[in-house]
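I have placed the structure first, in the form of structure tokens, so that the comments after it can refer back to it.
The values are calculated or read from the model by the stated rules, or taken from the named source; none is laboratory data. Everything quoted here is computed from the prediction, not taken from an experiment. Backbone-built Cβ (ideal geometry, glycine too); neighbour counts: all protein chains shown. Heads up: the accessible areas ignore ligands, DNA and RNA and are worked out on the full protein's heavy atoms, side chains in. Shrake-Rupley method; radii C 1.70, N 1.55, O 1.52, S 1.80 Å.
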Amino acid sequence: MGCKGMVSNMLKNLFDRGHKDEKGYALVFVLIFLLFGGLVIPPLLSYMNMGLKTGIIYKEDQYELYAADAGINDSLWHTQYGDLESVLGASYDEYDYNSDWSYSLSENINAKETTVTFQNSWIPKNITVPHKVVARDIIEAGKLIVAGSAFSASTYEIKIVFYPDAGDDLLMKTVGIWLPPGFNYVPNSSNLESDPADPYYTTSVQITSHAGGEAVVWNFSYVPYLDFPGVDSGDMPMTSTITLQYNSSQPGLVPAAISWTTTSQVDSVPYAWDADTRVFKIVSRAGDTEVEAYTVKSELRHLGSAISGDYFAFGNTLLTPTGSVNYRDRLYEESIASVIDGDIPDTATIRGAYLYWSGWIDWVGFEPAALADDCSEMSGWIPETDWQLSGDRFRGHRQSAATDKYLTKSPCLDLSSYAGSIIYVYWDQEASSAVDDMDYLYFSFSADDGDTWGAEIEAFHGNNPDSPFSYVIPDEYLTEEFSIRFRLDGFDEADEYCYLDNITITPPVSLKYPDDPTYENLRELVEDIARVNRVMLNDTEVVADEWHIVETENPPGYDMFDGQWSYSCYYDATDEVLQLMGDGDIEDNGIGEYTVGHVVATNEYDPDYSYDLYPVGETGYPLGTPAYLEGASYPSRHQAAYTGWSLILVYTSPDTKGHQLFLYDDFIYAWHTNPDFDNNGSPGGSISGFLVPDSVTSEGEAARVTVFAGEGDEGITGDYIKVNLTSLSNSASPVGNAWNSASPGLTIPGVDIDTFTIEYPVIAPGDTDASVDLPTDSDGFFMVYIILSFRSDATSGGVLTYLIRD
């Protein structure tokens, strides 16, 4: 009751990282929002009504009233700037829903002493308020995660993410959501109620008034989580997406809702809730007068205080022209880009680093793998009792500590043709959460079909192995009778499991014509290049978390692009960048020099042509050595070709105002069109979910956008970037030639990594959405990503950066 000031809208933390599979999903929170179609940090756009307007006044004493109202304002200030623990004391616990904490204002107001009391409000309906230890264990274990977000003024999504251990059979009992005042559920609008044929379909839905808002609870008869919407049993983690529609009495605002679920069969997670959205009850007392308020705070779960931030994007080309600006024919082994003073505030803290690289492939292939086992069946292996098939991968668990049991490749492989060359073995590997540092996975090689074995090599120990794992097979094992085997040491306690998948033996990427080029094998070979290309970030080798490939379609009346493809790759480089900071190679705020290289690409490869090579001092090496073209020069019959990279740094800083970030990286080829980069079925993109503050009229910059694009040509005009129908430009890319393979900050031309500033009145105070268009009338280009940053208002949750990755 009383003054219920509410903060609306919440998204999730992109930057807690964890498991990565070959599709590139990062740990816990990174995963949740790659699956939203994108990476998410919460915006705290909202509304707050406090004080006199709706407060319940227990005594009409003007002076006491003003003093009590000042206490409410003071408490909201502390909430906004994220220092609740300092003002409430060390005993404050965000998971304690049974206690309250008080403090007094440092000065009397109207000669009245004012005391403010805080309490964490428990919102999930029909779940008993948990003890703080139980609540902390459920949330911080990260086994079952509930998160929600409103992506429009009428649609809300609930994500339920589950990290199963072996034998887990999670059953769903209820799913619930609380909508704050001013928002109501549209009956029968959830996908849980849409189709009676769905195994999760339910008509048992309770809609009740609750905690000043509205609670909706869907009830189930112990439905398996595997049957819930969108769950794929082959994913790790598994994710279910529940959608619903709502009405709002607050135009332009979205709800700071809280969702939850109750379950059965997995004792450690009988329920879970959205712990990133917190509701506070605040009571301010001066004399005999009390003012009561409620506020909602959405925040980063593990990043501490909510603060403001932004992004900085940069990069460089790897393929550049030596003659005509439209004919790029020199491929570099690597290139450098720098972040300098002024690009990022001195007080910035790097929260995420996202590396992209992209290149053109023209009639080239990938040397076929000597072994490419997806581990969906045990044929081709001898599994002793420690090893068995589990879903679509191999699972190891030691049955007895007294004897060693192996997983052995049989029949053997003929690798003799690779003698004297480099050949890798690699696989995906994972360990269950119960595994500790005393549990090891070893492997060894044989050159004589298992008659003798070489020394064992450690693949990993503990429960957080590097994946994928790779190893260069020594030349002495490249024989007609090669074999490999795996052995567990430890892994003999309950719930200690080792998982192997996608065991592959292959040489580095080799550029050549396929023997029998077809659409199907070209696509497969280019995808393999994107998947296994080992790119260097400074001195660290990385492999894509995610990749996309696009065939270069011929324009009407042309046949010049037959069999030509481009690809883009994404890698979450946050750990690597933080390590560079720890080693002192770059500064703590990200300032420094970044080098990326070894990116595979070609222009046009003609095997009958004698290729000219640049001197070694200009990074010249023979065509095709290994995994990338190092400085080779050759003629270009077409204008089309590009290769480049870009790194996005997302940071928080107390010296940066509030922003909301949107990142779209669905690789798109656009020819004479306005690409639908947000996949809403209409040309261009429509961005919403921010609230531009009044201060943009004097701040100048209201928004900023960066596009990483390839294959733009300086000599072909008619390509634009427009926000709210206004054409943008910068010092290197004029209006009408946005994608010209030149950008401010690039040391060599060849790609576009262009940043454009949008000022008032193109974006005006009170705006909550914007249109973004990338029309091209004459040219074609590949869009690797577009990232947008909008100045945005904030309320009691504080000003903080959020990122939607779609």
Q | Highest to lowest packing among 117-126, 264-273, scored as the average C-beta count within 10 Å | A | 117-126, 264-273
Q: Order His78, His131, His548, most accessible first, counting only protein heavy atoms with a 1.4 angstrom probe.
A: His131, His548, His78
Q: Output the peptides 310-316, 695-701 sorted from most to least packed, where packing is the average of other Cβ atoms within 10 Å over each peptide's residues.
A: 310-316, 695-701
Q: Would you tell me the accessible area of Arg523, worked out with a 1.4 angstrom probe on the heavy atoms of the protein chains, in Å² to the nearest 10?
A: 90 Å²
Q) Which value, in Å², gives the accessible area per residue of the stretch 126-210 when a 1.4 Å probe is used on the protein heavy atoms? A) 41 Å²
Q: Using only protein heavy atoms and a 1.4 Å probe, report how much of Ser106 is accessible, in Å² to the nearest 10.
A: 120 Å²
Q: Rank-order 529-536, 645-652 by packing density, defined as the average count of other C-beta atoms within 10 Å over each peptide's residues, highest first.
A: 645-652, 529-536
Q.
How large is the accessible surface of Thr768 in square angstrom, using a 1.4 angstrom probe and rounding to the nearest 10?
A. 40 Å²
Q. Magnitude of the Cβ-charge dipole of the stretch 415-498, K/R +1 and D/E -1, about the Cα centre, nearest 20 debye?
A. 320 debye
Q) What value does the stretch 113-268 have for Rg/Rh, both radii from Cα atoms and Rh as Kirkwood defines it? A) 0.99
(Q) I'm checking a number: the convex hull volume of the Cα atoms of the stretch 102-201, normalised per residue, in Å³. What is it? (A) 202 Å³
Q: Send over a whole-number figure in Å² for the accessible area per residue of the stretch 679-777, probe 1.4 Å.
A: 37 Å²
Q: Kindly flag which residue pairs out of Lys125/Lys173; Lys159/Lys281; Lys281/Lys657; Lys143/Lys173; Lys132/Lys281 have an alpha-carbon separation exceeding 20 Å in this structure.
A: Lys159/Lys281; Lys281/Lys657
Q: Roll a 1.4 Å probe over the protein chains and send me the accessible area per residue for the stretch 214-287 in Å².
A: 32 Å²
Q. Largest first, what is the accessible-area ranking of His461, His397 with a 1.4 Å probe?
A. His461, His397
Q) Looking at the P(r) of the stretch 384-506, how many percent of alpha-carbon pairs lie beyond 23 Å? A) 29 percent
Q: Choose one of Ser149, Ala197, Met172: the residue whose Cα lies farthest towards the positive end of the charge dipole of the stretch 98-210 (beta-carbon charges +1 Lys, Arg; -1 Asp, Glu; about the Cα centre).
A: Ser149
